[in-house]
Amino acid sequence: MADELQVLSNAHFAQVAEGFERSPISKQLATLAGKVFPLLTLNKNQHWLDFGAGTGALSVPLAEYVGQVTALDTSAAMLAQLSEKDVANITALEQDIFGGLSETYAGVISSMALHHVADIAGLLSCMHQCLDEGGQLALIDLYSEDGSFHGDNAGKGVVHLGFDPEQLLEQAAKVGFKQLSYREIFNIKHKNGRSYPIFLLLGRA
Ligand SMILES: C[S@@+](CC[C@H](N)C(=O)[O-])C[C@H]1O[C@@H](n2cnc3c(N)ncnc32)[C@H](O)[C@@H]1O
């Protein structure tokens with residue numbers, strides 16, 4: 001099941017990778033770094049993991065504040081767009097996080113990737129395991145929606161129609177995260193005329 005999902009997700013992102021950052025939604029999400037980073041503790045001694053980094057909407061600005069960013073994604077096409085930016089302290093890692101990671105990180109950040117992952121409890125557990133003690137967690141995704149945000153959810157490898165952050169917070173607590181909180185961080189204006197709120201969930205390992 002997870003493999004099938006991965007094939008769909010990778011096929012979708014292979015099609016859209018080249019123009020991804022030009023889409024009106026990506027342009028709105030490009031403002032996220034400025035809203036999220038002031039809520040994190042960032043310094044040049046840190047190594048962060050960006051899960052589902054894509055073309056680097058968060059990795060690229062994050063690399064200005066920390067020592068090293070590992071941009072993990074299962075889509076070679078999305079990572080190719082990121083690699084073209086040639087940012088010295090970003091390493092693109094085409095890998096499934098469930099395969100295990102060889103390093104630990106001061107922080108894990110992720111934007112708009114969770115809704116592509118079936119096993120959220122397992123993902124949170126992997127994130128907890130790859131964080132240093134006290135390491136920071138920052139997850140961004142859609143609040144629960146009716147499926148209209150992506151439209152062809154199945155075809156795009158979307159497995160969650162957003163999230164109830166309260167439930168996500170409970171799942172994060174179960175795998176050991178502490179100091180958990182969430183807030184609405186942005187509202188995406190969609191071409192369908194509707195607005196879709198997105199949340200930022202923060203925690204510490
Ligand atoms: C909507 S894009 C968001 C990209 C970037 N974070 C941003 O905000 O622009 C979702 C990304 O998650 C990646 N993705 C989907 N499933 C994944 C998985 N299981 N592991 C890692 N990345 C995944 C996709 O390949 C895609 O690049």
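The values are calculated or read from the model by the stated rules, or taken from the named source; none is laboratory data. As the structure is a computational prediction, the values presented were derived from the model and not from experiment. Every residue, glycine as well, gets a Cβ built from its backbone with ideal geometry; the counts of neighbours run over all protein chains shown. The protein model used for the area step is the full one, side chains on, heavy atoms only, and it has no ligands, DNA or RNA in it. Shrake-Rupley method; radii C 1.70, N 1.55, O 1.52, S 1.80 Å.
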So which residues in segment 1-40 are of a type in the set (S, T, N, Q), more than 27 Å from Phe98 (Cβ to Cβ) and open to solvent by 60 Å² or more (accessible area, probe 1.4 Å), if there are any at all? Thr31
Quick one: is Leu93 within 11 Å of the ligand (Cβ to nearest atom), open to solvent by 20 Å² or more (accessible area, probe 1.4 Å) and in a strand (DSSP E or B)? yes
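Taking helices (runs of 4 or more DSSP H) that fall entirely within segment 1-61, which contain at least 3 residues that are more than 16 Å from the chain's Cα centre (by Cα) and closer than 25 Å to His190 by Cβ?
2-16
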How many residues are open to solvent by 10 Å² or more (accessible area, probe 1.4 Å) and more than 12 Å from the ligand (Cβ to nearest atom) when one looks only at segment 114-129? 4
Output the qualifying pairs, or none if there are none: Cβ atoms under 7 angstrom, residues six or more apart or on different chains, first residue in segment 145-167 and without any contact (Cβ under 8 Å) to a residue 40 or more places away in the chain, second residue assigned to a loop (DSSP other than H, G, I, E, B) and basic (Lys, Arg). none
Considering only residues that are farther than 20 Å from Val36 by Cβ and polar (S, T, N, Q), look in segment 89-129 and name the one that is modelled with the lowest pLDDT. Ser102
